[in-house]
Every structure is written in C-alpha cells, then in structure tokens.
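Here's the structure, in structure tokens; my notes come after.
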Amino acid sequence: MSAKMSDLPGAVLEWSTDQVENWLRKCGHSDYVIRLLCDEHKIDGKALLTLTENDLKSPPVSMKILGDIKRLSTDLRLLQKKNFSCLEDLGLSLGPTVQAYSRLKLTNLDEANDFPNEDKSLYDEPTQPLGKRDSRALYLPPEFGKTFLSMAYLFVVTWITAFVMVIVHDRVPDMKKYPPLPDIFLDNVPTISWAFHMCEVTGSLLLLIWVAVLITHKHRFILLRRFFALSGTVFLLRCITMLITSLSVPGTHLECNPRVWEEQAKRGQPYGDLWAKIQHAYVIWRGAGMSIQGVRTCGDYMFSGHTVALTMLNFFITEYTPRRMYFLHTFSWLLNMFGIFFILSAHEHYSIDVFIAFYITSRLFLYYHTLANNQALMQRDSGRTRVWFPLFSFFESSVGGIVPNEFEWPFTTEQLKAWITPLMMSVLAALIALRNKGPLAAKQN
C-alpha cells in the first residue's frame, strides 16, 4: 500500500484485504490481530471503515486481548475521521459521525444519549476527547528531498541577511547628529560590557539541546524541515525591516563607523564596491553574526536577530520534547529570558527590537503549528493556503496531523556494527602492514 493512498479520502474504500493487512502492520498491530481480521474474516477497506469497538468485542470477531482492542479501536477512529465523507456517501453513521463527535467533544455516555439512534460503542472509552487524540498523524514520511530544500532555503536567507547587514552598517546614522533614541530599559539600566557574550553563550546552550533532541527524535527530518523553513522566513522578514528603516544606534559605546573608502566615495561609490561587500558578508556569515566569533555590526535594528534565534530554539525544544520534562522546559525558558535580558543589558538593541522579535517569532511558530496540527484547517481552503503560505503548503503536504514525540537512536546496534567492523579491520590491517614493513626494511638495509 502506498503512503499516498492512505491519505486520499475515498481510497480506503478501494483497499483489498492485502492493503488492509499492510495498514495494520504500519500501525504496529500484532500478527494475532492481522490474522484474525484479514485471514479469518476477510476485512477489506469498506468493512474496515465500518468496524466499531463493539464489533471487535462481539462475535464473530470476539477479540480477547483488551490492549489489542483499544489500540485497534483508536486507529479505526482516526481512519474514520479522515474518511467521514466517504461514510456519509455510503449512508453510514458512526456515532454522530466521527466529525461531529470531535466537534462537540462528547466525553461521556450522558451526552451521547442525545443521539438515540447512534452506535454507543464509540463512547465506551471514558478517556480524553477524541478530537485531541485523533489529530495525531498515522504516517510520517521523512521526505529527505524537502528537508534538503528547506536547508538550502535557510542557507540562501543567511547569505542575504549577511549582505544586508553590510549595507545597513554602512548607512547607519551618525551618532553625533542622531543620538540614541529614548528607551525605558536602556535609560535606566547601565551598560554591562560582557552581557552580549553571555547572550550568545545561552544561545549556544540552547543550540546544543536542540541538536540532542534532533539526534534522538524519531521524526527528526520533519523537525529539521520546520526549523529551517520558519527560521529562514523570520530572518528574511528581518532583512526587509532592516533595509526599510535605519535607526540610530542604541548606545554610544558601539563602534559603528561606516566602511567607506575615500577613493571609492570620490568615484560616487560611498558604500564600497560589490566585491568588498561580499567579502564582509562572508565574514559575517562565517561567524553567524556572533560577537564571540569576532563579528561586530550596527544598523541591524527594528528587530533583534539574537532574540529570534533564542526564541525559535526555545519553542522548538519545548514543543518536541515530552510534557513531563518540566526541568528541561523550565531551563529552556530561563535561557531564553536571560538571553533577552543580556541583549538589553549590553545596550546592543532597543527594547522594541527585542519585543518585536519575540512576538513575530512566537506568533509565526504558533500559527504554523496550528495549521500543521489541524488537518481540517489545511484542507478547508487549500487554494488560498497555497497562495498565502506556499512554503507551508509544500513542506507539510504529507504530514496529516500532530507529529508525536517519539524517540529512537538514529542508528541501530546492527548498523553500527556493520559500519565499525570494516573500519576496525582496515585499521588493524594497516597496523599489521606497518609492523611487518619495519623488519623487512631492516633486512634490506
């Protein structure tokens, strides 16, 4: 069974018994369940969509293992929710339909009694509302090509950002003519010279945590794709705001002399030639715009790139780690907040720069994930979504719901042995050859 078939409404009705077996295996069900449904009872796609938990418990199926019943019932509800229109076309009604059930969030049998003609088996589980559980995606392909394209997108945006930072640095307003603007925080907090370095240290810690999450997360390529796409979009927006308006520097301690060469200025090129700008852009790009890497620029105001990086890393860490990891989430938020405080304490940005950066980054992250986690919103007006959110529509086209926080090592023990063993044998053979070469050379001499 192809992955695309399972995502297309109506395709399930055409499934054969073999395709149902493939679906059950992908969902992780046991051989007992597969043999019972496919071999003994010949369940095809149409029959699969009409199954209820009551059917599984009752003759002739009569499943005996409670765990198998609950797991299969949950997956059936997810499948019915994604294909409720097909059920209505067939004249079938499961519950108040799974769609209505999710909308009304009926959580107990008393509410279900408002629908006297409906099958009450859908309400047998007094657990959390179905709408919250059903939004989990069943099949999540890694899609390496899309991940590579998102990485290329971020790569291009970082180069554009570095080049724009060269331009805005060379047109920064003269501090003598345009002093720092009034700012509630900066006017009342003295400059701390080492604070900006500490901000970048906190960002580096967040980056290390995020890399550890990526290495161990089962759906690491989807996470990477989202991280690259969102980061690239925010920094591209930052380039536009930097070019539109040039603010005066927030502190007189900053060295913000434009890189102007007198000879070129005489020739009508006040900002230097293109090759010199590209060289400076490479220095900024290579150092990731960080002062601990020796990069110092001015004029990149309106919203703070350091705040964007801190906030984006924090939100991704807290979103894609289990809720029970309270210590990690608290630590991540503390690093985010202290990083922002250090930016302001160093007087490297105005308070409004930090506020706008935090707001734009957090809102874009939340809007993106709200759409990605709710398939109904994605499908309601797909044409408009493709126009207004082209990157989202492309990168999330194969993701059918919430990405679960499941963790696994990127390589199995067998794979590590398969890679390490030949390497160790090659090293051992080289050492033996070197050892034998020594006595042989001595004899020849």
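The values are calculated or read from the model by the stated rules, or taken from the named source; none is laboratory data. The model shown is predicted, which means the values in this text are computed figures rather than measured ones. Neighbour counts run over all protein chains shown; Cβ positions are idealised from the backbone, glycine included. For the accessible areas, the whole protein counts, side chains as well, though only heavy atoms, and no ligand, DNA or RNA atoms are used. Shrake-Rupley method; radii C 1.70, N 1.55, O 1.52, S 1.80 Å.
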Using a Förster distance of 41 Å, the FRET efficiency for residue 41-residue 397 (Cβ separation, nearest 0.05): 0.75
Efficiency of FRET from Cβ geometry, residue 152 and residue 194, R₀ 22 Å, rounded to 0.05: 0.05
Probe 1.4 Å - accessible area at residue 27, Å² to nearest ten: 40
Shape parameters for the range 215-255, alpha-carbon atoms, Rg then Dmax in Å: 17.0, 49
Ranked order, 70, 218 - accessible area, probe 1.4 Å, largest first: 218, 70
Surface share of carbon and sulfur [accessible, 1.4 angstrom probe, percent] for the range 318-438: 70
For the range 302-362: rounded, prolate or oblate by the Cα gyration tensor [a/c cutoff 1.5]: prolate
Projected label distance in nm at residue 26 and residue 216, using a 7 Å step from Cα toward the beta-carbon: 2.9
Rounded accessible area of residue 366 (nearest 10 Å², 1.4 Å probe): 70
Probe 1.4 Å, all protein chains present, accessible-area order of 23, 419, largest first: 419, 23
Residues with amide H under 5 Å from that of residue 217, placed H, sequence gap 5 or more: 408
Cβ-derived FRET efficiency at R0 30 Å, residue 388 paired with residue 71, nearest 0.05: 0.20
Among the listed pairs 70/146; 57/81; 177/277; 81/218; 42/146, those beyond 30 Å (Cα-Cα): 70/146; 42/146
Accessible-area value, residue 29, 1.4 Å probe, nucleic acids and ligands omitted, Å²: 20
Label-point separation in nm, residue 371 to residue 291, each point 7 Å along Cα→Cβ: 3.6
For q = 0.12, 0.16, 0.24, 0.26 Å⁻¹, Debye-computed log10 I/I(0) when each Cα of the range 339-423 counts as one equal scatterer: -0.68, -0.79, -1.10, -1.20
Prolate/oblate/rounded label for the range 141-248 (Cα gyration tensor, a/c 1.5): oblate
Inter-site label distance for residue 278 and residue 253 at 7 Å from Cα along Cβ, in nm: 3.8
Contour excess over end-to-end distance, with Cα ends at residue 201 and residue 160 and 0.36 nm allotted per residue: 12.3 nm
Integer Hz, Karplus 6.51/-1.76/1.60 couplings in order for the range 19-26, x for Gly and Pro: 5, 5, 4, 4, 5, 4, 5, 5
